[in-house]
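The values are calculated or read from the model by the stated rules, or taken from the named source; none is laboratory data. Predicted model only: the values in this text are computed from it and were never measured. As a convention, Cβ positions derive from the backbone with ideal geometry for all residues, glycine included, and neighbour counts pool all protein chains shown. Surface accessibility is based on the protein's heavy atoms, side chains included, excluding ligands, DNA and RNA. Shrake-Rupley method; radii C 1.70, N 1.55, O 1.52, S 1.80 Å.
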Amino acid sequence: MTDASNYDQVWAYHNRTKHRLERYAASPETLDWTSQPNPFREFSGAPKISLPFADSQLTTAFADLYQPSAVSPQGFNLHSIGILFELSLAISAWKEYGPDRWALRCNPSSGNLHPTEGYLLCTGIPDLSDGVYHYVSRDHVLEQRFNPVSNPVPSDGTKLFIALSSIHWREAWKYGERAFRYCQHDVGHAIGALRYAAAALGWSVRIVQNLSSERLAELIGINRNQDFIGAEQEEPELLLEFYTNTAADLVPLPGWELAQGEWLGLANTLDPHPMYHWPVIDEVAAATQYPATVWKTTQTIPAYPPITQSNNAAADVIIRQRRSAQHFDGKSTLSASVFYHILDSLLPRPAPPWDVWPSPPRLHLLLFVHRVHGLSPGLYVLARSRSAETQLKATLKPEFSWLRPHDCPEHLPLYQLATADCTQAARTLSCHQAIASHGFFSLGMLAEFKATLNDSPWRYRELFWEAGLIGQVLYLEAEAAGVRGTGIGCYFDDPVHDVFGLSGHSFQSIYHFTVGYPLQDNRIMTLPPYPDRT
Ligand SMILES: Cc1cc2nc3c(=O)[nH]c(=O)nc-3n(C[C@H](O)[C@H](O)[C@H](O)COP(=O)(O)O)c2cc1C
């Protein structure tokens with residue numbers, strides 16, 4: 001299929017999975033909560049390796065995460081790999097309410113359904129044999145999936161990669177056709193979670209370029225149908241490479257397919273009785289498979305001043321305490337300086353977490369400001385690139401004022417578009433959810449859609465990954481500021497565009513977020529993530 005027809009297919013998927021005021025995107029009409037898919041993939045028969053925990057041995061402060069040279073890099077070993085997973089994809093707490101018990105993880109997930117799986121690929125690590133491992137967050141263990149009995153070719157030194165895959169059915173079980181979007185958001189959050197965790201260890205991370213979806217599936221063995229009989233398939237997403245010095249040469253991928261070895265374990269079935277099938281998810285996944293291509297495109301990113309974070313609390317505490325707020329108090333205000341700082345942390349910079357992102361920013365923020373001290377309530381826009389600022393000025397409603405808030409830092413491209421009480425509008429647009437109106441502000445992430453996807457439809461995934469990464473930064477920055485955020489996947493797509501005067505394919509709002517002062521539900525008990533750990 002040509003890229004042009006793939007674009008049409010991607011657009012058709014995106015368009016049909018919009019929530020409209022008159023009807024939601026197609027999803028199950030009823031849900032049997034007792035038949036929720038198992039949130040934990042396992043490979044029976046694969047040898048398990050317990051991972052160590054950070055305990056009190058990680059001393060990195062949250063403020064140091066943004067300064068690449070502030071954290072001395074730890075060596076690659078089982079303990080540091082344990083910390084990497086513990087602070088990214090691991091369970092952060094169990095929750096209990098009456099007979100219900102559920103796990104939360106450091107990475108958030110739409111509906112807490114966690115479609116993202118993590119695979120470690122490594123060579124030359126002390127106390128861990130070379131191979132491919134699947135991470136099971138429930139037990140904080142690695143399952144060895146591939147054991148190269150001969151060295152991969154070429155074998156030279158230490159390599160550490162984590163691949164991410166998605167199990168679409170976990171999200172589709174609840175959300176139907178829109179689920180592919182949520183899986184992609186969750187990948188973006190996981191990229192962010194892994195980038196922060198690596199920064200806490202003093203490591204750098206990059207997305208491996210020139211890797212097709214097909215090759216990634218081969219590398220981590222998720223193309224092996226014989227190991228997934230009766231089990232839900234996994235979709236390859238991307239591969240992250242970890243390194244300890246800031247300017248490492250690209251290391252070759254392990255040549256697993258050239259090495260002799262054995263694949264171990266059989267995937268479990270997560271949902272023995274799936275009630276629905278949503279073929280458009282398979283179709284959009286196929287239309288957005290990666291060819292072996294580079295991500296980088298040339299675009300000059302302005303040199304913003306380095307970000308300074310004043311919260312010196314332990315990084316692992318902030319990371320583990322990240323939660324989605326379920327209710328906000330609807331009255332507290334946020335200081336303008338904290339608001340500006342949170343937005344500033346979303347601008348691309350050559351430091352964590354944005355140094356993991358190889359493409360120019362393609363997402364910009366449409367803000368509904370409700371309660372920020374010193375700022376008029378109303379509609380605002382933050383353009384994350386100069387070219388987008390120009391384009392948005394020409395595209396958004398002509399009557400917008402484009403005023404700079406008087407005390408806004410000079411480099412922060414924030415503009416007020418209109419003064420208004422937009423609490424009710426924000427709530428309605430976010431599927432009538434009160435969290436969008438009861439916080440300090442909520443926002444929509446506006447993607448450069450048509451220009452990005454026209455000749456590279458696979459970048460549909462990248463747009464959502466960038467959105468998830470923005471979301472992860474917002475979650476952690478909100479925690480660091482003593483407040484709380486929540487990702488919002490449920491919003492009415494075109495009515496959001498209408499408020500800002502957008503039509504056509506050029507821009508699409510692809511994720512929403514809200515930040516406010518959280519109210520706790522004291523009826524829900526919080527229990528430790530790994531009560532039986534030794
Ligand atoms: C992509 C995405 C979309 C989400 N959409 C909503 C939403 O529309 N409404 C909501 O209340 N929470 C939403 N959430 C929050 C999740 O419900 C939450 O992450 C999940 O229950 C796990 O809880 P935790 O974030 O506290 O770990 C979303 C989260 C993500 C990552």
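Observations, loosely collected:
- Spacing of the modelled spin labels on Ser212 and Val317, each 7 Å from Cα toward Cβ, amounts to 5.0 nm.
- Here the translational diffusion coefficient of the chain follows from Stokes-Einstein with Rh set to the Kirkwood radius across Cα pairs; for 37 °C and 0.692 mPa s it amounts to 139 µm²/s.
- Cα-based helix-to-principal-axis angle, 179-200 vs the chain, degrees rounded to 10: 80 degrees
- Accessible-area rank, largest first, for Tyr517, Tyr135: Tyr517, Tyr135, with all protein chains present and a 1.4 angstrom probe.
- C-alpha center-to-center spacing [region 517-531, region 330-387] in angstrom: 29 Å
- Sparse packing (at most 14 other Cβ atoms within 10 Å of the Cβ) combined with a DSSP loop state is found for the following GluC sites (Glu not before Pro) in region 20-93: Glu22, Glu29.
- Share of alpha-carbon pairs per 10 Å distance bin for region 445-534, given as whole %: 14, 31, 30, 15, 8, 1
- Summed over the residues of the chain and divided among them, the accessible surface reaches 38 Å² per residue at a probe radius of 1.4 Å.
- Heavy atoms of Arg404 accessible to a 1.4 Å probe, total area in Å² rounded to 10: 90 Å²
- Ranked by how many other beta carbons lie within 10 Å on average, peptides 105-116, 52-63 from highest: 105-116, 52-63
- According to the Cα-based calculation, Rg over Rh for region 172-249 is 1.04, with Rh computed by the Kirkwood formula.
- Summed over all non-identical Cα pairs, the Kirkwood treatment of region 119-211 gives a radius of 15.4 Å.
- Working note: Karplus 6.51/-1.76/1.60 with θ = phi - 60° gives region 232-238 the couplings 5, 6, 10, 9, x, 10, 7 Hz, where Gly and Pro are set to x.
- Listed residue (Gln184, Ser137, Gln424) projecting farthest to the positive dipole end of the chain, Cβ model: Gln424
- Taking region 450-479 and a reference point 7 angstrom along Cα→Cβ of Asp8, the backbone N atoms nearer than 18 Å belong to 450-451, 453-458.
- Summed side-chain charge close to Gly516 - residues other than Gly516 whose Cβ falls under 12 Å, Lys, Arg +1, Asp, Glu -1: +2
- Fraction of accessible area attributable to carbon and sulfur, the chain (%, probe 1.4 Å): 52 percent
- Per-residue SASA remark: Met275, around 150 Å² accessible (1.4 Å probe; ligands, DNA and RNA not included).
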